[in-house]
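**Q** Below are the structure tokens for one structure; questions will follow.
The values are calculated or read from the model by the stated rules, or taken from the named source; none is laboratory data. Everything numeric here is computed off the predicted structure, so don't read it as measured data. FYI the Cβ positions are ideal-geometry reconstructions off the backbone, even for glycines, and counts take in every protein chain you see. Side chains included, ligands, DNA and RNA excluded: accessible areas come from the protein's heavy atoms. Shrake-Rupley method; radii C 1.70, N 1.55, O 1.52, S 1.80 Å.
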Amino acid sequence: MKESILKRSVRHYSYGYTKTKEWRLKAVAKKYRAFRNELFKKYGGLEGLPHINKHRFTLSKKWAEDGLCKKYGLQGRQWKVVVDEVFNTLSAKIEQIKKTVRIDISKNKKFSNEEHHYLMYLLCFNELLYNICNGRSMETEKKFNISTERKFYLQRYLHSRMRKRCGGKPISRSLSFTIDQDMYNVEMDEKGRNWIAISSLVPRDMIKIMLTDKNPIRGSLKVKMMKDRIEIIETEIVPCKKLAENKSESIIGIDKGLKNLLNVSSDNKYGVGFGKTFTVFSDRKTKKNANRNKLRALYKKFVDKKFFKKASNVLKYNLGIQKYNRVKEVERKELERQINQALNEFFALDNPHTLIVEDLKFKSRTKRLSRVQKRHFSEWLKGYLRRRIEFKCQQNGVLLAEVNAAYTSQTCPFCGFVHSDNRKGGTFHCLNCGREGDADYFASLNILSRLDDPDIGRYTPYREVRKILVERFEARHESGGTVETVQPVLQIQEQEDTHFLQSACS
């Protein structure tokens, strides 16, 4: 097995700069953006298929002869970097389109195996796809046992799928540009301050920016212009462990939560203070947004009454976005730091060989949750947490598996009884066998057991999951299992209805 390579971004920040340097860097970024959008406009759709892997040879020489680089005022090295960046983006887009089209083809049951093979073969060649998408019937070198009329139908089908999955052409809006190792210099002055000199639009003219850190910088960089600073983003290679190098034999399930970030089947908890920090940040931002909405209404009122001086003062002194965005970014970074710290502690202490996680697909439209709970769950960084878990597993040579999360927090892992009243907040008390403990720990045990479940797959609908769990519990009851004080599910439901009627009458 080949050694996997991961990439991660390392950010360096500027430490003060003059308006002249800011203007010159923005001028470079605008030239990059204009040229980038020109290429996206010409080759961003299916028109770029024949040039994806041959742009260096078929297009670069032509652009140099036509003086395209002089039109945008870029140096030769700069416009070549833009060309590589654009076509790498387009190559990734085309591969994603092909991936979705392959899924569409595999799901189509009207095609025979030979026709499936023919369509998959056409997807391997960009030139064939380009000709097909331009209405040209193509004959392949490989022979297929398919009639000419059927081939024409399959090519039209492939054309329609490619057009549908292509979408719109990419467009660049941010003020950023890429530089390679020959377009900048890094040096340290007599006072120990770190400086980076970046190529401008003029040959042999560099723009020097002081950085806040003294870490070494190498490789290609991305320069991003922010409102109050400049970011230098470096891509760092992170070598990963092979799966064979991981000598651990433990299989661990984790329950991802908001109060405690990671609840492990080994009865450990990581990221215990995450929920409190997140709630404080979320509530503060909600209160701040409510006050800003009142100020926006006041601004609109002043404009309607033609009090333009008052309206401009409200807009200038009360509705600024620089401080608002800066505080928002600081809070986001703090939450990300806590997530990474919890994951580092988990992989260092538990050291799993296989990690079982729940496939969370939360929808904030759930009626049973309050408005505050919906807001907390919708703002929760579960997407970032999922990506970091995947990164850490690949880095540490850990197998990762996702299982169905339906009813893992309502099912007793010992007797299999499922009911919504089993869980009360952070405590789990089984209404059937009387087992009591931490709800998140019991959920992690259920997640661990879902790995080898033959009936409950990752994409099994939650209603079918409940039906399967209820049937298993009743079958165990009928066979005389070892469960203590087993009560049928229907009996529990009748007791709930009786209790509800009594409380309503009283």
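**Q** Does at least one position in the range 341-356 carry a residue that is at pLDDT below 90 and under 18 Å from the mean Cα position of the chain (by Cα)?
**A** So far as the range 341-356 goes, no, none of its residues is at pLDDT below 90 and under 18 Å from the mean Cα position of the chain (by Cα).
**Q** Restricting to the range 94-128, count the residues that are outside any loop (DSSP other than H, G, I, E, B) and free of Cβ contacts under 8 Å to residues at least 12 places away in the same chain. Step through it out loud before you land on a result.
**A** First, the residues of the range 94-128 that are outside any loop (DSSP other than H, G, I, E, B): 94-107, 113-122, 126-128.
The next check asks that each one be free of Cβ contacts under 8 Å to residues at least 12 places away in the same chain; those that pass are 95-96, 99, 103, 106-107, 113, 116.
Looking only at that region, the number is 8.
**Q** As an exercise: evaluate residue 210 against (1) at pLDDT 90 or above; (2) closer than 30 Å to residue 382 by Cα; (3) touching a Phe, Trp or Tyr at 6+ places or on another chain (Cβ under 7 Å) and give the number of the one condition it does not meet.
**A** Status for residue 210: all satisfied but (2).
**Q** Within the group 428, 391, which residue is outside any helix (DSSP H, G or I), surrounded by 15 or more Cβ atoms within 10 Å (Cβ to Cβ) and at pLDDT 90 or above?
**A** After ruling out the rest, the residue left standing is 428.
**Q** Got a sec? Which strands (runs of 3 or more DSSP E) wholly within the range 136-205 have at least 1 residues that are hydroxyl-bearing (Ser, Thr, Tyr) and touching a helix residue (DSSP H, G or I) at 6+ places or on another chain (Cβ under 8 Å)? Spell out the reasoning first.
**A** Details: elements: 176-179, 184-188, 194-199.
Hits in the range 136-205: 176-179, 194-199.
**Q** Given (1) aliphatic (A, V, I, L, M); (2) touching a strand residue (DSSP E or B) at 6+ places or on another chain (Cβ under 8 Å); (3) exposed (fewer than 13 other Cβ atoms within 10 Å of the Cβ), identify the lone condition not met by residue 456.
**A** Residue 456 satisfies every listed condition except (3).
**Q** So residue 464 clears everything in (1) farther than 24 Å from residue 261 by Cα; (2) buried (at least 17 other Cβ atoms within 10 Å of the Cβ) except one condition, right? Which one?
**A** The failed condition is (2).
**Q** Next up: Sort out which residues of the range 431-453 are out of contact with any Lys or Arg (no Cβ under 7 Å at 6 or more places or on another chain), of a type in the set (A, V, I, L, M) and open to solvent by less than 30 Å² (accessible area, probe 1.4 Å), and write them in order of number. Don't jump to the end; show me each part of the working.
**A** First, pick out the residues of the range 431-453 that are out of contact with any Lys or Arg (no Cβ under 7 Å at 6 or more places or on another chain): 431-438, 440-453.
Restricting the remaining residues to those that are of a type in the set (A, V, I, L, M) gives 431, 443, 445, 447-448, 451.
443, 447 - these are the residues of the range 431-453 that are out of contact with any Lys or Arg (no Cβ under 7 Å at 6 or more places or on another chain), of a type in the set (A, V, I, L, M) and open to solvent by less than 30 Å² (accessible area, probe 1.4 Å).
**Q** Could you grab me the full set of residues in the range 431-471 that are free of Cβ contacts under 8 Å to residues at least 24 places away in the same chain, under 20 Å from residue 255 (Cβ atoms) and of a type in the set (D, E, K, R)?
**A** Within the range 431-471, 435, 436, 452 qualify.
**Q** Taking the range 39-70, which residues are modelled with pLDDT of 90 or more and either open to solvent by 20 Å² or more (accessible area, probe 1.4 Å) or of a type in the set (Ser, Thr, Tyr) (or both)?
**A** 41 - this is the single residue of the range 39-70 that is modelled with pLDDT of 90 or more and either open to solvent by 20 Å² or more (accessible area, probe 1.4 Å) or of a type in the set (Ser, Thr, Tyr) (or both).
**Q** I've got another one for you. Counting just the residues of the range 291-310 that are part of a helix (DSSP H, G or I) and among the aromatic types (Phe, Trp, Tyr), which one comes out surrounded by the fewest Cβ atoms within 10 Å (Cβ to Cβ)?
**A** Let us first name the residues in the range 291-310 that are part of a helix (DSSP H, G or I), namely 291-304, 308-310.
Now narrow it down to the ones that are among the aromatic types (Phe, Trp, Tyr): 299, 302, 308.
Values: 299: 19, 302: 18, 308: 10.
Ranking the qualifying residues of the range 291-310, first place goes to 308.
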